[in-house]
Amino acid sequence: MPTGRLVPCDDAAVRPVLIVANWKMNTTPADAGDLAVAIAAATDEPAVGRVICPPFVSLQPVRDALAGSGVEVGAQDLHHEVSGAYTGDISASMLEGLVSWCIVGHSERRRDHGETDERIGHKLARCREAGIRPILCVGEQLQEREAGRAIAVVGEQLRRTFEASARMDERLVIAYEPVWAIGTGLTARGADAAEMAEAIRQALGELGYGARAAEVPVLYGGSVTSASIGEFLAEPTIDGALVGGASLKVDEMAGIVARAALTARARQVIGETSSGAGDRRGDP
Ligand code: PEP
C-alpha cells in the first residue's frame, strides 16, 4: 500500500452514484420478483444507479420482474474457473445475459468458502471475459483497524488480487466493507471510510490504473441504513453503498436511494458548473 500523503480526489462529479442491494441467502424464486418490483417502484431516481443482487435461483425472476424499470441485476458471486468439475458452482458464462454486475470477494465468501485474493483475482478475469461489471469487496478485520493497519491490509488485498487478475478492468467498482461492520449494526465513521476510499484510489493508481484510478467508484458497505447513508455520501470520495440487511426492506431502500439522489444531483450540478474542481466538503 502506498505511504505518504493521500491525494484527495476532486472528480466525484464524473463518477456515478450507485446503490447495490445484496440480498445474500434471502428470498425465494416465488417472492423475489415481487420484492424487486416494490423496491424499483419505491426508488425511482434516475440519477442513482440501482442494482439488485438476489440469490442465483432468483436471478431470472428478478430480471424478468425488473425489465424496463431501470434497475439492473447482479450476481453475488461466480466461479473462478471457466467450466469443469465444480459441483454446485456457477460460471461466468451461465450468468451471461442474466446479469450485468457481479459481487466478487465478499467477506462472507472469504470467510465461509476460503476465498483467497488470488482466486478473487481470477474471478475478476472471468467477469471481464463475460462482460460482467465486477464489484470487488475489500476490507479489514477489527483487530487490524485497531492496530492501525486497515489501509495496509486493504492495499495488500488489492495488490494480490490484481496480480492474479493480470489486467486492470476499466469498469471496476470497489466496495470498501470493513468486516467488523457487516451485519453487525456497527458502521465505520464516514471520515474513516472516506480516507480508505482515497487510499484505495491511490493504490489502484500505483497498481496500474494511473490517472484512471480517480474514475473508479468506491462504495461503502457495512450495516448501511437510511439513517446512516448520509454520513457516507457526504464524503466526496464515496460514491454509494453496498447494502445487505436493509436492502430487503422497501422503506429502507426508498430512504437510502432518496438520500443518494440528493448527492447524485448535487455532483451533477458541480460537474456541469465547475468541471469537477473545487471543495466538495459541502456535498449533501
Ligand atoms: C453486505 O452484504 O455487503 C453488507 C454490507 O451487509 P450489511 O449491510 O447487512 O452489513
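The values are calculated or read from the model by the stated rules, or taken from the named source; none is laboratory data. Computed from a prediction, not measured in an experiment: that's the story for all the values here. Here the Cβ positions follow ideal geometry from the backbone for every residue, glycine too, while neighbour counts run over all protein chains shown. Surface areas here come from the heavy atoms of the whole protein model, side chains and all, with no ligands, DNA or RNA. Shrake-Rupley method; radii C 1.70, N 1.55, O 1.52, S 1.80 Å.
If only the Cβ of Lys and Arg carry +1 and only the Cβ of Asp and Glu carry -1, the dipole of the chain around its Cα centre is close to 200 debye. Under 5 Å from the amide H of Ala75 lie the amide H atoms of Trp101, Cys102, Ile103, each residue being 5 or more positions distant or on a separate chain, with H modelled from the backbone and absent for Pro and chain starts.
Taking a span of 15 Å or more along the helix axis (Cα atoms) and a mean Kyte-Doolittle hydropathy of at least 0.5 as the rule, the DSSP H helices of the chain that qualify are 29-42. Dipole of the chain computed with +1 at Lys/Arg Cβ and -1 at Asp/Glu Cβ about the Cα centre; of Ala188, Pro54, Val82, farthest Cα towards the positive end is Val82. Free of any GluC sites (Glu not before Pro) that DSSP assigns to a loop and that have at most 15 other C-beta atoms within 10 Å, the longest stretch within the chain is 171-284. The slack between Asp44 and Glu206, meaning 0.36 nm per residue of separation minus the straight C-alpha distance, is 54.6 nm.
Taking every DSSP helix (H) stretch of at least 4 residues in the chain, weighting each as -39,500 (n - 2.57) and dividing the sum by the residue count yields a mean residue ellipticity at 222 nm of -12000 deg cm²/dmol. Whenever you get a sec, compute what percent of the accessible area on the chain sits on carbon and sulfur atoms (1.4 Å probe). Of all accessible area on the chain, carbon and sulfur atoms account for 51 percent.
A simple spin-label model places pseudo-atoms 7 Å from Cα toward Cβ; at His113 and Gln143 they are separated by 2.6 nm. Trypsin sites (Lys or Arg not before Pro), restricted to segment 174-212: which are DSSP loop and have at most 13 other Cβ atoms within 10 Å? Sparse-neighbourhood loop trypsin sites (Lys or Arg not before Pro): Arg189. Applying the Karplus relation 6.51 cos²θ - 1.76 cosθ + 1.60 with θ = phi - 60° to segment 86-103 yields 3J(HN,Hα) values of 10, 4, x, 9, 10, 9, 4, 5, 5, 8, 4, x, 8, 10, 10, 10, 8, 6 Hz, where x marks Gly and Pro. At a threshold of 8 angstrom on Cα-Cα distance, excluding pairs fewer than six apart, so keeping six or more, what relative contact order does the chain reach in percent? Computed value for the chain: 24 percent relative contact order.
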